[in-house]
Amino acid sequence: MSQAISIKTRITYPLKKTYYLGKDRKSVEFLYKPLINIYIGNPLNNRKHIKTIECLVDSGADFNLFPSNIASLVGIDKVENDSVVSFGGIGNSVLIGYKHKLSLFLPQKLNIEVYFSELQHVPVLGRIGFFDQFRRVVFDESRKKLVLQPVL
């Protein structure tokens, strides 16, 4: 389980406008996604990654799931370990994830657990380990904002 800390201020992120190919395969359409930029670090070696990582905040994800290649950025040389979990994905796909501890900087520091998987392409922040760090996570579609409200 992740280590809860006290987030003292409400954090607001704009939803990011993303483009995709329309159904006709010719037109370009868009939608707004809860993508946030974070810094990551390794609490075991205090190494903080100096570039931001773009993560999808996903209320449909149970856990935090990151691509394996991100682990090396904070000094995790061996992703595979004894803490392995199988995840069911879209279209009955199965991902194998290995649990590690990471620090996120939002700007406040959160120590969380993340599963790394070779088959994962987008870093995902899920309900257990991220959402549970906050009193409320609001996807405000009308204002195109994601709001993370602190635990009081």
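For residues in the range 32-62 being of a type in the set (A, V, I, L, M, F, W, C) and modelled with pLDDT under 95, which is nearest to Thr12 (Cα to Cα)?
Only one residue tops the list, namely Ile38.
Answer yes if at least one residue in the range 29-40 is over 18 Å from Val124 (Cβ atoms), more than 10 Å from the chain's Cα centre (by Cα) and free of Cβ contacts under 8 Å to residues at least 40 places away in the same chain, and no otherwise.
Step one: list which residues in the range 29-40 are over 18 Å from Val124 (Cβ atoms), which gives 29-30.
Still in the running and more than 10 Å from the chain's Cα centre (by Cα): 29-30.
Narrowing the set further to residues that are free of Cβ contacts under 8 Å to residues at least 40 places away in the same chain leaves 29-30.
Checked the range 29-40: at least one residue is over 18 Å from Val124 (Cβ atoms), more than 10 Å from the chain's Cα centre (by Cα) and free of Cβ contacts under 8 Å to residues at least 40 places away in the same chain.
Give the range 71-127 a look and list any residue that's touching a residue at least 12 places away in the same chain (Cβ under 8 Å) and β-branched (Val, Ile, Thr), or say none.
Answer for the range 71-127, where residues must be touching a residue at least 12 places away in the same chain (Cβ under 8 Å) and β-branched (Val, Ile, Thr): Val74, Ile76, Val79, Val84, Val85, Ile96, Ile112, Val114, Val122, Val124.
Quick grid of which residues meet (1) exposed (fewer than 14 other Cβ atoms within 10 Å of the Cβ); (2) aromatic (Phe, Trp, Tyr); (3) touching a Cys at 6+ places or on another chain (Cβ under 7 Å):
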residue	(1), (2), (3)
Phe66	no, yes, no
Ser72	yes, no, no
Lys78	yes, no, no
Tyr98	no, yes, no
Ser103	no, no, no
Gln120	no, no, no
Val138	no, no, no
Leu146	no, no, no
Pro150	no, no, no
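May I ask you to say which residue of Lys23, Lys99 is of a type in the set (D, E, K, R) and in a loop (DSSP other than H, G, I, E, B)?
Only one candidate qualifies: Lys23.
The values are calculated or read from the model by the stated rules, or taken from the named source; none is laboratory data. Quick caveat: nothing in here was measured; it's all calculated off a predicted structure. For neighbour counting, all protein chains shown are included, and Cβ atoms are generated from backbone atoms with ideal geometry for every residue, glycine included.
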